[in-house]
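Working notes for the structure below.
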Amino acid sequence: MILRVLPTLNDALRKTFSKRLPASTFEMADLGCSSGPNIFLIISQVIDSIHGICQQAQFKVPEIRVFLNDLPGNDFNAIFQSVPGFFERLNKAKGKMVEPCFIVGVPGSFYGRLFPTRSLHFVHSFNCLHWLSKIPPGLKDTNKGTICITKSSPGSVIKAYAKQFETDFSAFLSSRSQELMPGGQMLLLFQGRHSQNRSTEDCVFALLGQSLVDLVSEGVAKEADVDSFNLPFYKPWKGELHEIIEREGSFGVDRMEISEVDWVSRDNDDVEFPSGQYLSNIVRAASEQMISRHFGDAVTDSLFIKYATNIEEHIRHQNKGKLVNFLVLITRK
Ligand SMILES: C[S@@+](CC[C@H](N)C(=O)[O-])C[C@H]1O[C@@H](n2cnc3c(N)ncnc32)[C@H](O)[C@@H]1O
């Protein structure tokens, strides 16, 4: 998904530079960076883009400072330990960099303030904003037998999730509106849904909830534990996003695109696992902490084995399953 977004990243940087040249340092932030290699893939692309743009326009290439943000529990040490190797690879591949790049860790929630007023030129956040700041209040005893919104969720559950998303996304925009300079841009990639109507769309977490229910009928998990567990996960549709951005009022929308990838897209070389296991591993990486805290390690292990089998079945008998993503590019007015 990130590889598909890189051309838009280049366009966004070009636009940022055309509006406001950084005095000496280009200040940018990756919000929800996690601790894996995607961080360096993106930084490397940003350095390439900025050098290309500056060479073409005959600007002096600025120094670049990249703020890496995630929740305080993120493994920032792992990131910092990878930084020297990244610079070594970069220098080997591209020769000595013209201007240095500085990397800084910023622990905290992106649903609040993270940076000083008007201090950033560019912000991006990939694969994060579908995670809410908390489980919506009022779900207890109303969302039984599942762990998120499903095709058959009652209206009150859908309303509670939508309200929480609205609160969170508004807080995200309002915090960034204070931190970005006028003309600064924000590129966001996160999961969403095609239409207002939920009844036709698949969700990887709905199938995870179904797998928990299967474990209840096998006596492995407790029904009460499933009934009291909900994920802080919400997929908005285009209308909601436009409405929230408009109401917050600080950003103009340059681009809002929707794209799909198969649940199991094997266009990389990773054929080590069968499809179900492959997707199960990805979903486990994103949700294991929350699940094992509630259900314990033994249920969690059984769950992801069951889930892998259910994914295989779903892909074979129903359809391939699609992840729907929004790409949103907005500019600080
Ligand atoms: C699936 S990972 C995405 C990592 C990376 N951006 C990528 O695309 O490969 C989602 C990340 O968002 C972080 N995250 C979720 N909610 C957050 C919040 N409120 N503030 C900061 N980070 C958050 C999680 O901790 C996790 O590392």
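Points to keep in mind about this one:
- Within the stretch 1-38, restricting attention to residues that are within 9 Å of the ligand (Cβ to nearest atom) and assigned to a helix (DSSP H, G or I), the residue that is nearest to PHE76 (Cα to Cα) is ASN38.
- For the residues LEU90, LEU120, the requirement of being over 30 Å from PHE251 (Cβ atoms) and touching a helix residue (DSSP H, G or I) at 6+ places or on another chain (Cβ under 7 Å) singles out LEU90.
- A Cβ distance below 6 Å, combined with a sequence gap of six or more or placement on separate chains, defines the contacts here; from the stretch 157-172, residues that are of a type in the set (Val, Ile, Thr) reach residues that are buried (at least 16 other Cβ atoms within 10 Å of the Cβ) in the pairs VAL157/ASN143; ILE158/ILE149.
- All conditions in (1) over 27 Å from LYS333 (Cβ atoms); (2) open to solvent by 50 Å² or more (accessible area, probe 1.4 Å); (3) within 13 Å of the ligand (Cβ to nearest atom); (4) not in a helix (DSSP H, G or I) hold for LEU41, with the sole exception of (4).
- Meets criteria (more than 16 Å from the ligand (Cβ to nearest atom) and in contact (Cβ under 8 Å) with a residue 60 or more places away in the chain) for LEU132: no
- Pairing residues of the stretch 109-125 that are at pLDDT 95 or above with residues that are near the ligand (Cβ under 8 Å from one of its atoms) and in a loop (DSSP other than H, G, I, E, B), at Cβ distances under 8 Å and at least 6 apart in sequence or on separate chains, gives SER109/LEU71; SER109/SER133; PHE110/GLY32; PHE110/CYS128; TYR111/SER133; LEU114/GLY108; SER125/GLY32; SER125/PHE110.
- Residue satisfying all of: in the stretch 76-95; over 26 Å from GLY32 (Cα atoms) and exposed (fewer than 11 other Cβ atoms within 10 Å of the Cβ); nearest to the ligand (Cβ to nearest atom) among these: ALA93
- Matching option when the condition is modelled with pLDDT under 90 and either under 16 Å from ILE244 (Cβ atoms) or over 21 Å from the mean Cα position of the chain (by Cα) (or both), among LYS151, LYS163, LYS159: LYS151
- Evaluation of GLY73 against (1) under 30 Å from TRP131 (Cα atoms); (2) surrounded by fewer than 16 Cβ atoms within 10 Å (Cβ to Cβ); (3) more than 16 Å from the ligand (Cβ to nearest atom) (one fails), failing number: (3)
The values are calculated or read from the model by the stated rules, or taken from the named source; none is laboratory data. Since the structure is predicted, the reported quantities are computational estimates derived from the model, not experimental observations. For neighbour counting, all protein chains shown are included, and Cβ atoms are generated from backbone atoms with ideal geometry for every residue, glycine included. Side chains are part of the model used for accessible areas, which takes the heavy atoms of the whole protein and leaves out ligands, DNA and RNA. Shrake-Rupley method; radii C 1.70, N 1.55, O 1.52, S 1.80 Å.
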